[in-house]
Structures are given as C-alpha cells and as structure tokens.
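Take a look at the structure below.
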Amino acid sequence: MEEKIKNLKRIVIKVGSSSITHETGEINLEKIDDLAWECANLRNHGIDVALVSSGAIFAGAHRMNLEEKPKDTPRKQAASAVGQVALMNTYARSFHHYNYQVAQVLLTRMIEENEVMGQNAKNSLDELFHLNVVPIINENDAISTLEIEFGDNDTLSAVVARTIGADLLILLSDIDGLYDKNPKIYPEAKRISKVYKVDEEIYKMAGDTTSKAGTGGMVTKLDAAKLCLDRGISMAIANSEDFSVIRKIVRGEDVGTMFIGGKDV
Ligand code: ADP
C-alpha cells in the first residue's frame, strides 16, 4: 500500500445502490460501516477521498413503505429526498466512529457545463478536503433527474473526478469488473484486467444490466471511463461485495478492471 499510495492524492469512490442496500431497500449498515472504514483508512494515509453514493431513492421508498422502487420521476425525486436524510445519518454515524466528519454535497452534471457552478463545486470540495472532512456526494435529484434516468451516478462521479482533478475514480458495482461479455448471461466470460482506450471494441462487450437496484449497467461505466481517460484520470471498476477491494486497487493488485489514465497511478 505504502508503495502505490505515494502517487495518489485524490480519489473518488462511487457506490451503486445495490452495494449499500439490502434487497428489501433497507440500508445495509454493515456495508456502510465497512465503506467508512476503508475511506477513513485512505484519509489516514493523507489521501483526499470523496464518496459518491447512490441508494437514496431505494432507501426513501423503503422508509415510506412504497412499492419496491418508484417508477415515475416525481415520486423518485420525493423518495430520494427522504432517503438522502436516512443515508447521510447512517454515513455520519459510521464515519464518526472512525473520527471523521462527513459533508453532504448535492451536485448535478451542470458543474461541467457552467463554469461558475464548476468553480463553486471545486472550491467547496477543496475546502472540505483541507478541513479533513469526507464529502459524500449525490445528484441533487430535486433539480436534476439525469442520473435517476440513466447511469445511477456513474457519469456524475466522473464529472466530479474531473472537476476536482482526482487521480483515480473507483466505481464499485455488483460485478468484478468489465468482462469480454456480460458474465451474468455468459458464465464463461473473462475479466478484462486493463484497458488503455475505451473504443468500439470495448463498448461491444457491454450488454444490458440485470441488477434490480441499479439503472446504469456497464455502458454508463464505460462512458465514465471515457470522461476520466480524456483527462488522464485512471478509473477502476470493482466488486463492492467486499470493500477491502479499495485497498487492493490502491496497492496496485490485479483486481477488477483498471482503465489506465495518463497520470502515474
Ligand atoms: P451498479 O448498480 O452496481 O452500479 P449496474 O447494475 O448498473 O451496477 O452495472 C453492472 C451490471 O452490468 C452487471 O451486473 C452486468 O449485469 C452488466 N454487464 C453488462 N455487460 C457486462 C460486461 N461486459 N461485464 C460486466 N458486467 C456487464
């Protein structure tokens, strides 16, 4: 860890809905606590860590005893607003356990199109890092529904990584990484260890998602990888089943799929 870690200054970690909620929609306390430990550990090594967390809609729907997952957008927005509170409370408790404060930062992809918004987001996040706080980011679903409709924060997390000049984005999913074809359909599929360029050949590998809680699938993860590589930022896709995978990625172990950016990671 010490070896690799020297080169990393700023990491964005994104967790999908299915990684931190139970099938029922209940927040998975054990997973949130494990994630908090991993982030605190990186932070203790002097690395700036921002977490992009999905799961608010699912958690909110569960809290309000709605059907499995709301289907229309206004209801998803309402569920997100309710679930966000529950999710942040849970994160705050777990991080506090490891001596870290968290901050809720709700953003939209607009930070990349609007220069003033982008600068404001960067200033806020820079200052939070400076103050040793772990920002926990989600889309502001009340004013933007892009991530609700497609991607479940995959794109937002890449936009955040670009905005704050991160060295590495880690997308944690229900799958070990990018495979040469969808492993949920083709058991013989092989994991791709390293990708240097996100081209047509890579896109051809991505099929439809089979996850119940997620809305992105592999395509939005590849779009995120493209956004990262364009700025020299490396990106990893790895399985959230065991969050120790974060440490392994940082150590440079061959887990998941690493999209190699220009920066020395
Ligand atoms: P999350 O909600 O955890 O972000 P998603 O469900 O959005 O994850 O995306 C992961 C899913 O993408 C996998 O469970 C798998 O069904 C699907 N998928 C499609 N093609 C591939 C591929 N080539 N390699 C890996 N996963 C793939």
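The values are calculated or read from the model by the stated rules, or taken from the named source; none is laboratory data. Here the structure is a predicted model, which means the values were calculated and not measured. Every residue, glycine as well, gets a Cβ built from its backbone with ideal geometry; the counts of neighbours run over all protein chains shown. Protein only, heavy atoms only, side chains kept; ligands, DNA and RNA dropped before computing areas. Shrake-Rupley method; radii C 1.70, N 1.55, O 1.52, S 1.80 Å.
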Seminar exercise, completed: Considering segment 170-184, residues that are hydrophobic (A, V, I, L, M, F, W, C) and at pLDDT 95 or above, and then whichever is farthest from the ligand (Cβ to nearest atom), we arrive at Ile170
For this session: Return the only residue of Ala40, Ala59 being of a type in the set (Gly, Ala, Ser) and surrounded by fewer than 19 Cβ atoms within 10 Å (Cβ to Cβ).
Result: Ala40
For this session: Considering every residue within segment 49-56, establish whether at least one is open to solvent by 20 Å² or more (accessible area, probe 1.4 Å) and either within 22 Å of Ala158 (Cα to Cα) or out of contact with any Gly (no Cβ under 6 Å at 6 or more places or on another chain) (or both).
Result: no
Problem set entry | Among the residues listed as Ile27, Ile20, the single one being within 13 Å of the ligand (Cβ to nearest atom), surrounded by 16 or more Cβ atoms within 10 Å (Cβ to Cβ) and not charged (D, E, K, R) | Ile20
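Condition check: under 23 Å from Asn44 (Cβ atoms), among the polar types (S, T, N, Q) and surrounded by fewer than 20 Cβ atoms within 10 Å (Cβ to Cβ). Does Asn132 satisfy that?
Values: under 23 Å from Asn44 (Cβ atoms): yes; among the polar types (S, T, N, Q): yes; surrounded by fewer than 20 Cβ atoms within 10 Å (Cβ to Cβ): yes.
Considered against the rule, which asks whether it is under 23 Å from Asn44 (Cβ atoms), among the polar types (S, T, N, Q) and surrounded by fewer than 20 Cβ atoms within 10 Å (Cβ to Cβ), Asn132 comes out as yes.
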Exercise. Mind checking whether some residue in segment 36-45 is in a loop (DSSP other than H, G, I, E, B) and not hydroxyl-bearing (Ser, Thr, Tyr)?
Worked result: yes
Exercise. Of the conditions (1) buried (at least 21 other Cβ atoms within 10 Å of the Cβ); (2) more than 18 Å from Asp34 (Cβ to Cβ); (3) modelled with pLDDT of 95 or more, Arg231 fails just one. Which one is it?
Worked result: (1)
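Met258: modelled with pLDDT of 90 or more, open to solvent by 10 Å² or more (accessible area, probe 1.4 Å) and within 13 Å of the ligand (Cβ to nearest atom), yes or no?
no
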